[in-house]
Amino acid sequence: MCGIIGIISRNNQNIVPNIIDSLEKLEYRGYDSAGIAVINNNGKILRERAVGKLNNLKNKISLNPINGTIGIGHTRWATHGKPTEENAHPMMSTNIALVHNGIIENYEQIKNNLIAQGYKFTSQTDTEAVVLYLQSEIDKGVSPREAFRNMLQIVEGTYAFVAIFDLMPNILFCAKNKSPMAIGFGQNMCVGSDASSISGSCDEIVYLDDGDYAEISKDNVEFFNLDFYSIQKEKIKVTDDLVNCGKGNYEHYMFKEIMEQPSAIRKTIQANTISFNFFDDISRILILACGTSYHAGMVARYWFERYLNIPTNVEIASEYRYRSPIIEDNTLLIAITQSGETIDTLEAIEYIKEHNHTCKVLAIANVKNSAISRVADFVFYTEAGIEIGVASTKAFTSQLTVLAMLAFCKHQYLLDNLRNLPTICEGVLCLEDKIYNLAQNIQNAMSVIYLGRDNLYPIALEGALKLKEISYIHAEGFAAGEMKHGPIALINDEMPVLCLCPSGRMFSKMFSNIQVAQARGQNIVVFTDDKGALLFDCNTVVLPDICEELAPILYSIPLQLLAYRVTVLRGEDVDKPRNLAKSVTVE
Ligand code: G6P
């Protein structure tokens, strides 16, 4: 959450357009406000900030340009203080401007000390305490370098900081603890919250680790550890997968990403090899994840217990370590994450590593070299490519693909079916007209119910999450068998009930649940296949035939398309839904 950027031009060019470019790539991390600060040719810090999406800042800067060859930028997801201009970063005082991603837990204490010394606060943010602390050091005659180091000794919490000082106008001061940060070398020297945001003008990247501190100048970067000893860091070449190629001919990233799913699944299958013996020493599996990735984990539990015969639990990472969990020896922890950064998942992994040394950690991540992939013992990458739409689509079906490869590693016929899946998914993408009609049917609904059983129950949850997170229509997914225990009370003629019911093991049970729903409401829609469709006398969406174990992947796609279409019909911002961020680095 929150994207930060810092750039120094190596050939004395104005870097404001580059900062704006990078902020565009970071907007997925939050869009409550945006801001830029530069040091101009006279050595003065200039700043511009605007509430809301980056476009507002761009408009302001076009009317009132600022220029500089060194500068910092920020796109905010509000934690402390409402999304107002006063609370927008960069935070600034006489000699300093600073951007921050994270939360300073002891800011009240720092703030109270500074207030007692006569410093005046103008925002409600935790970050301003850091800036005014730095200013108080400068006011005592401490150098910027010492001030920054002293600040790092007193702050507690999570942070990625980039600061500029007018007294040392050629240096970007950076530090990281828990929040991500990458430094790039190329035609400009850059630092950003992710590699993609700086890949445009950099050929090589260094990822900072927790406790690292760096000083970036035009020609050099010096790295230091927690004790401020100079350290060396490994440079990584920028690869194509870090570069965001834009929306192409699509109106929205989300639609492009839905359409890319056959290729993402195909590439994921090609890129990963899972040995027949992979699970030989494993007596338990524990899956930890958040949001959509958690739903992928829920599907995997059905697969793992059925095909690997290994007891499997799946848990929401943000809850896990607060309930004194019992971790059995030889448990394989599988952390599922698109971003590889979600702090709840990262902290849960660290908890397990601390409490049981026999556990191994497998990460399933989409972003290469991300924090979670670096702490894991093994990583299987999903090859979905950069996902920009805040609502996860291709990353989700690619996660399911890796999980299926793991679960079916001893079942060749299922792996063969999986290989055919990308082609079958192409067939679902052609259902656009049918989905459009359905979207018109539910676009004005107050609430929508999704029903599934067995491995499609998590897909009912995921379908409901997709709809509510982007269209703002309330939606709930239920295990169809649970309806009779309460939720059925919600069904009336106005309530759309979307049922996932392919032919197979669960068909007759699900068929009965749908009859019960039909007896109470008129707006029942069944997602099924040709064979199933013959038996229903209500609205159906007919999907291609699929091996029932792979139905969760296929049946996700029309639900994504539906959420997308409804949101477009309602005129909402599909790619940047309100209050959300794609990468969640606060607890
Ligand atoms: C955020 C995103 C979701 C995502 C969740 C977990 O809430 O908006 O789309 O599922 O974080 O993120 P991860 O990167 O760990 O999969």
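The values are calculated or read from the model by the stated rules, or taken from the named source; none is laboratory data. What you are looking at is a predicted structure, and each value in this text was computed from that prediction instead of being measured. Because the Cβ atoms are built from the backbone with ideal geometry, glycine has one as well, and the counts that use them run over all protein chains shown. Note: accessible area is taken over every heavy atom of the protein model, side chains too, but ligands, DNA and RNA are not part of it. Shrake-Rupley method; radii C 1.70, N 1.55, O 1.52, S 1.80 Å.
Annotations for the structure displayed:
- Considering only TYR119, ILE70, HIS80, and ranking their Cα positions along the charge dipole of the range 1-134 that arises from unit charges at the beta-carbon of Lys, Arg, Asp and Glu, the one farthest toward the positive end is ILE70.
- Check: the chain dipole with +1 on Lys, Arg Cβ and -1 on Asp, Glu Cβ, in debye: 660
- Just so you know, the averaged projected area of the alpha carbon convex hull for the range 337-453 sits at 10.6 nm².
- The string of couplings for the range 115-121 from the Karplus curve (6.51, -1.76, 1.60, θ = phi - 60°) is 4, 4, 7, x, 6, 9, 9 Hz, one whole number per residue in order, with x for Gly and Pro.
- All alpha carbon pair distances within the range 158-246 were sorted into 5 Å bins beginning at 0; the resulting P(r) in whole percents reads 3, 15, 25, 26, 19, 9, 3, 1, 0.
- For the range 505-520, 3J(HN,Hα) per residue [Karplus equation, 6.51 cos²θ - 1.76 cosθ + 1.60, θ = phi - 60°, Hz, x = Gly/Pro]: 3, 9, 4, 5, 5, 5, 4, 5, 4, 5, 4, 4, 5, 5, 5, 10
- Spin-label model, GLN412/ASP281: points 7 Å from Cα along the beta carbon direction are separated by 2.8 nm.
- Seen from LYS267, the other residues with C-beta closer than 14 Å to its C-beta sum to a net charge of -2, counting Lys and Arg as +1 and Asp and Glu as -1.
- Put a dot 7 Å past the Cα of GLN522, heading toward its Cβ, do the same for GLU328, and the two dots end up 5.3 nm apart.
- The order of the peptides 30-40, 84-94 by mean Cβ neighbours within 10 Å, most packed first, is 30-40, 84-94.
- Peptide ranges 198-207, 51-60 listed from the most packed, as the mean C-beta count within 10 angstrom indicates: 198-207, 51-60
- With the largest listed first and rounded to whole Å, the semi-axes of the equivalent ellipsoid of the range 50-106 from the Cα gyration tensor are 21, 16, 9.
- Based on Cα atoms of the range 1-112, Rg over Rh with Rh as the Kirkwood radius reads 0.97.
- Restricting the range 288-395 to chymotrypsin sites (Phe, Trp or Tyr not before Pro) in coil, as DSSP defines it, with at most 15 other Cβ within 10 Å: TYR322
- Filter on LYS218/LYS582; LYS111/LYS233; LYS140/LYS233; LYS256/LYS466 - keep pairs with C-alpha separation over 27 Å: LYS218/LYS582; LYS111/LYS233; LYS140/LYS233
- Volume per residue of the C-alpha convex hull in the chain, rounded to whole Å³: 156
- Restricting the GluC sites (Glu not before Pro) of the range 274-365 to loop positions (DSSP other than H, G, I, E, B) with no more than 15 neighbouring Cβ atoms within 10 Å leaves GLU328.
- Each stretch of four or more DSSP H residues adds -39500 (n - 2.57); spread over every residue of the chain, this sum gives -11000 deg cm²/dmol at 222 nm.
- Simple Cβ-charge dipole of the range 325-444, Lys/Arg +1 and Asp/Glu -1, about Cα centre, in debye nearest 20: 280
- Charge sum, other residues only, whose C-beta stays under 14 Å from ILE282's C-beta, Lys/Arg counted +1 and Asp/Glu -1: -3
- Annotation: Cα Rg of the range 73-204 relative to the compact-globule expectation 2.2 N^0.38 Å equals 1.04.
- Taking a Cβ cut-off of under 11 Å around ASP126, the surrounding Lys, Arg, Asp and Glu residues balance to a net charge of -3, with basic ones at +1 and acidic ones at -1.
- Highest to lowest packing among 465-471, 521-527, scored as the average C-beta count within 10 Å: 465-471, 521-527
- Contact order relative to length of the range 266-375, as percent, for alpha carbon pairs under 8 angstrom and 6 or more apart: 27
- For LYS60, the lysines whose Cα falls under 24 Å of its own Cα, not counting residues fewer than eight places away in the same chain, are LYS25, LYS44, LYS82, LYS576.
- Length added when fully stretched, ILE231-HIS355, from 0.36 nm per residue minus Cα-Cα: 41.6 nm
- Each Lys and Arg contributes +1 and each Asp and Glu -1, all at the Cβ; summed about the Cα centre of the range 448-587, the dipole is approximately 180 debye.
- With every protein chain in place, the chain: carbon and sulfur % of accessible area (1.4 Å): 47
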